[in-house]
Amino acid sequence: MYLSLLLPATAFTQDAVFFKPDSVRRQLNAVNITAAINVDGLLNEPEWNLAIPSTPFIQVDPYQGKAPNYPTVVKALYNQKYLYFGIVCKDPMGKKAIRATDFMRDFDETRHDLVSISIDAFNDKRNAMVFATNAYGVQRDFVSFDDLYYDTYWDGLWTVRTNRTDSGWTAEIAIPWKTLRYPKITSTAQNWGINIYRNRRLTNEISAFSPYPRVFAVTHMSYAGLLTGLQPPPPATNIQVVPYFLTSYDHYTNFGNTEPPHSASVKVGGDLKWAINSNSVLDLTAHTDFAEANADIQVNNITRFSVFFPETRQFFLENASLFGVGVNPNVDNSGGSLVFQPFFSRNIGLDTSGNPIPIVGGGRYVYRSSTLNYGALAIRQQGGSDPQGANFFVGRLSENFGGQDRLGGLITVKNQPGGSNVEATADGFFRFGASSSFNTVLTQSYTTNTGQQGFGGVVNYGYSTNKWSVRWTESLITKNFDPQSGFVSRKDIIGSTPWIMYYYRGDLLPFKNILLTYLPGTLPELYYTASTGKFSEFDLPVFPISLAFKSGAYLGYSVTFIRQHLTDVFQPLGVSIAPGDYSYLQQDVYIDSDPSKVVNFAIHYETGSYYNGHINSGDWKLQFAPIPNISLSAEYNLNYLRGVGDPKTTTTVNLYILQARLALNPRLQLTGLYQKNSLNAANNYNLRLSWEFSPLSYVYLIYNRGVTNMLNNMAVQIQTEDHLIAKISYLKQF
């Protein structure tokens, strides 16, 4: 966990140079054409000769402000249907320098050569639509808001093709106007905010069209340049209809009367997206299906915090940033181990074990502008633990003011025949100059059938420069807080989580040809029990060794002093630990190799005391990607507890995970996932063949198998379930 906190996306890319946006913005001129461009990655149409090349890029990393060693040239064209970009990434090593480890859409940017285009069509310097591609034409896209919240799983309708040569690689991109959101101005040409950046992954050289400090991401649009000369067609009717047809076969063994041995079904449903205007979008869904969603990766939890599984279902991922206020340390690096989200969409359509619950239908309306954002989500869920189902409603309002300040409110309602659960949230974000920010989320919950009320609140201050990252988070979650539409990883706590980290890139850094940054730091976590005010837990990790390498590799070592006060029996991995006071010391080692290499690995090993016993815990990950079409990975997780609990127990829990991705091209892929967990003797298999036969239109063939040992009448019985699914969906845009 601490490694993800110590290495945010821009953490190890900082030096002493920090600057404000230039008053004169760089410009890229877009040229109007009448012809259509054949998007093949070759840039050989005569229209490209009419386009005006971009000014030279400027290096962001590792030598901020210098001219890049590997030049990049961008051109922009447009007609009445598309906005085109032609990008030439020059490299004397040509195809030999290109790095890519898979063909997965929304790929991990740390593993690939890529170019990325951030477009701020309203030129408000706050928000951006981002379109990225690697050297093989694999797409990555998302929407950014204030460089703080991100709809990372947003999939836009656009096309890209690439071409790799002995002098580098080129990307040819076509974005339909209907995919973009922009002002309705017809009398004059429009100027949009834009930034483009390139990562030459072999040397991790990052360069950008418009420079920005390394402490920020390229989506910090106050540093963006301008895309000029645009006269797009007025926003027109923009409706996307995505019907689907699904057929499935299910087979169960040793489930008794809870499931029939065999069953087959047919299901029809779909989604509709209507971009009413440049600001408003309406989504409707009927008989919603998520058969193609990625399976959860299992976790064996040894902490007192509940595991947070991210949302992977496409309908709920879109516009998640508007409704997803809260604290998640894996996203915004605040709050320590605490995860707090007033609205968490996995409560809809999934039970507590992650099994699907049928969704009858629902809708979502979202309005966004430079000053005001609001939206509503309503879903009808059928069945589950209550055969009469449940209704969910989420309402959101936020207002932007100042440079990047915001105030907002959120309300969630879960209505069931037995009563309703309501949450009311107020939130705010305030930026004090370029380096300081303050964020707060305050939620009150009320359950009607029990009359129970509770409160959850988090406030966070952050200070970031090119040398320092300092944060302080205070949290209060009461014992009766009941976010039935949200998520909190731990209740009945008062938490204080300061964080301080220093980034050093000076002349005293040894091995400067391979080392990038020395970043020592500490992240203490102090918790009290809210209902009693008594001490609960204190963790003090110190990172004396924390080294980021220019290749993207990392080496870290930490020592953590831990004190625990248990008021109830704690049962990690089936071991019972009695109430009492415990003090102990643990050591952690982190080793990450260059993640873009054909063979790469990551190791986290923890050893030391654990309550009244000892622990050896390790996680080993290995990936083999001989070519981008083939990606094979293996992970082994070990938890060895010795003399822990009452009575003192020695046990070993193993978790094995195998993953494979075989791709003919970015549009035709076979993926597989196998997980074996000794904790519950479970074996799970997931196979998925996907074919994107037309942009965002898919054919899926899916096979899922689960095997679990169950205790029945003092005898172990093996339960198996097999599911075979065929699904086709087709996107039609009007």
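The values are calculated or read from the model by the stated rules, or taken from the named source; none is laboratory data. Please read all numbers here as calculations on a predicted model, not as lab measurements. Please note: Cβ atoms are built from the backbone with ideal geometry, for glycine as well, and neighbour counts cover all protein chains shown. Areas reflect the complete protein model, heavy atoms only, side chains present, ligands, DNA and RNA absent. Shrake-Rupley method; radii C 1.70, N 1.55, O 1.52, S 1.80 Å.
Residues of the range 354-383 that are in contact with a strand residue (DSSP E or B) (Cβ under 7 Å, 6 or more places away or on another chain), under 17 Å from residue 268 (Cα atoms) and either assigned to a loop (DSSP other than H, G, I, E, B) or among the acidic types (Asp, Glu) (or both): 357, 382. Residue pairs whose Cβ atoms lie under 7 Å apart, sitting 6 or more positions apart in sequence or on different chains, and linking a residue in the range 62-90 that is on the phi > 0 side of the Ramachandran plot and at pLDDT below 95 to a partner that is crowded, with 18+ Cβ neighbours inside 10 Å and not in a strand (DSSP E or B), are 65/211.
Restricting attention to the range 665-694 and to residues that are among the basic types (Lys, Arg) and either within 22 Å of the chain's Cα centre (by Cα) or open to solvent by less than 50 Å² (accessible area, probe 1.4 Å) (or both), the residue that is modelled with the lowest pLDDT turns out to be 667.
Condition test on residue 397, is it more than 30 Å from residue 526 (Cβ to Cβ) and among the aliphatic types (A, V, I, L, M)?
Numbers: more than 30 Å from residue 526 (Cβ to Cβ): yes; among the aliphatic types (A, V, I, L, M): yes.
Against the criterion (more than 30 Å from residue 526 (Cβ to Cβ) and among the aliphatic types (A, V, I, L, M)), residue 397 qualifies.
Apart from one condition, residue 268 fits all of (1) open to solvent by less than 70 Å² (accessible area, probe 1.4 Å); (2) among the β-branched types (Val, Ile, Thr); (3) not in a loop (DSSP other than H, G, I, E, B); the exception is (1). From the list 724, 641, 662, 658, the lone residue that is open to solvent by 70 Å² or more (accessible area, probe 1.4 Å) and over 30 Å from residue 243 (Cα atoms) is 658.
Residue pairs whose Cβ atoms lie under 7 Å apart, separated by 6 or more positions or on different chains, with the first residue in the range 280-300 and assigned to a loop (DSSP other than H, G, I, E, B) and the second buried (at least 17 other Cβ atoms within 10 Å of the Cβ) and β-branched (Val, Ile, Thr), are 291/702; 291/725; 292/702; 297/657; 300/653. Annotation note: Cβ proximity below 7 Å between a residue of the range 536-552 that is touching a residue at least 60 places away in the same chain (Cβ under 8 Å) and a residue that is among the small types (Gly, Ala, Ser) and open to solvent by less than 40 Å² (accessible area, probe 1.4 Å) (sequence gap 6+ or interchain) occurs for 541/558; 543/521; 543/556; 543/558; 546/521; 546/556; 552/596.
For the range 236-255, a residue qualifies if it is open to solvent by 60 Å² or more (accessible area, probe 1.4 Å) and more than 27 Å from residue 375 (Cα to Cα), and the qualifying residues are 245, 249, 254.
Scanning the range 565-577 for residues that are open to solvent by 10 Å² or more (accessible area, probe 1.4 Å) and either in contact (Cβ under 8 Å) with a residue 40 or more places away in the chain or part of a strand (DSSP E or B) (or both) returns 565, 570, 573, 574, 576. Scanning the range 421-448 for residues that are open to solvent by less than 50 Å² (accessible area, probe 1.4 Å), hydroxyl-bearing (Ser, Thr, Tyr), assigned to a strand (DSSP E or B) and more than 19 Å from residue 348 (Cβ to Cβ) yields 436, 437, 440. The residue that is farthest from residue 144 (Cα to Cα), among those in the range 213-224 that are of a type in the set (Gly, Ala, Ser) and assigned to a loop (DSSP other than H, G, I, E, B), is 224. When each of 582, 557 is tested for being surrounded by 14 or more Cβ atoms within 10 Å (Cβ to Cβ), more than 27 Å from the chain's Cα centre (by Cα) and within 16 Å of residue 608 (Cβ to Cβ), the lone residue that passes is 582. Which of the residues that make up the range 271-290 are under 15 Å from residue 359 (Cα atoms) and either open to solvent by 50 Å² or more (accessible area, probe 1.4 Å) or in contact with a His (Cβ under 9 Å, 6 or more places away or on another chain) (or both)? 271, 284, 287, listed by residue number. From the list 540, 523, the one residue that fits, being closer than 25 Å to residue 339 by Cα, surrounded by 14 or more Cβ atoms within 10 Å (Cβ to Cβ) and at pLDDT below 95, is 523. Residue 478 fulfils the conditions (1) hydroxyl-bearing (Ser, Thr, Tyr); (2) open to solvent by less than 20 Å² (accessible area, probe 1.4 Å); (3) modelled with pLDDT of 95 or more except for a single criterion, (2).
Scanning the range 409-420 for residues that are in contact (Cβ under 8 Å) with a residue 24 or more places away in the chain and assigned to a strand (DSSP E or B) yields 410, 412, 413, 414, 415, 416, 419, 420.
When the residues of the range 225-243 are filtered to those that are in a strand (DSSP E or B) and not aliphatic (A, V, I, L, M), the one that is nearest to residue 268 (Cα to Cα) is 243. Among the numbered conditions (1) modelled with pLDDT of 95 or more; (2) more than 26 Å from the chain's Cα centre (by Cα), the only one that residue 512 does not meet is (1). Keeping to the range 585-616, report how many residues are open to solvent by less than 50 Å² (accessible area, probe 1.4 Å) and of a type in the set (Lys, Arg). Looking only at that region, the number is 0. Only strands (runs of 3 or more DSSP E) whose full extent lies in the range 469-541 are considered here, and the ones with at least 2 residues that are more than 30 Å from residue 593 (Cβ to Cβ) are 493-502, 525-529.
Residue pairs whose Cβ atoms lie under 8 Å apart, sitting 6 or more positions apart in sequence or on different chains, and linking a residue in the range 25-48 that is part of a helix (DSSP H, G or I) to a partner that is open to solvent by less than 70 Å² (accessible area, probe 1.4 Å) and not hydrophobic (A, V, I, L, M, F, W, C), are 48/75; 48/86. Evaluated against (1) over 22 Å from residue 693 (Cβ atoms); (2) open to solvent by less than 20 Å² (accessible area, probe 1.4 Å), residue 313 falls short on exactly one condition, (1). Just one of the numbered conditions (1) closer than 30 Å to residue 20 by Cβ; (2) out of contact with any strand residue (DSSP E or B) (no Cβ under 9 Å at 6 or more places or on another chain) is not true of residue 513; which one? That leaves (1) as the condition not met.
Restricting to the range 692-707, count the residues that are not in a strand (DSSP E or B) and not aliphatic (A, V, I, L, M). Full working, then the answer.
First, pick out the residues of the range 692-707 that are not in a strand (DSSP E or B): 695-696.
Still in the running and not aliphatic (A, V, I, L, M): 695.
So the answer is 1.
Only one of the numbered conditions (1) without any contact (Cβ under 8 Å) to a residue 24 or more places away in the chain; (2) within 22 Å of residue 326 (Cα to Cα) is violated by residue 343, and that is (1). The one condition from (1) of a type outside the set (Phe, Trp, Tyr); (2) open to solvent by 70 Å² or more (accessible area, probe 1.4 Å); (3) modelled with pLDDT of 90 or more that residue 229 does not meet is (2).
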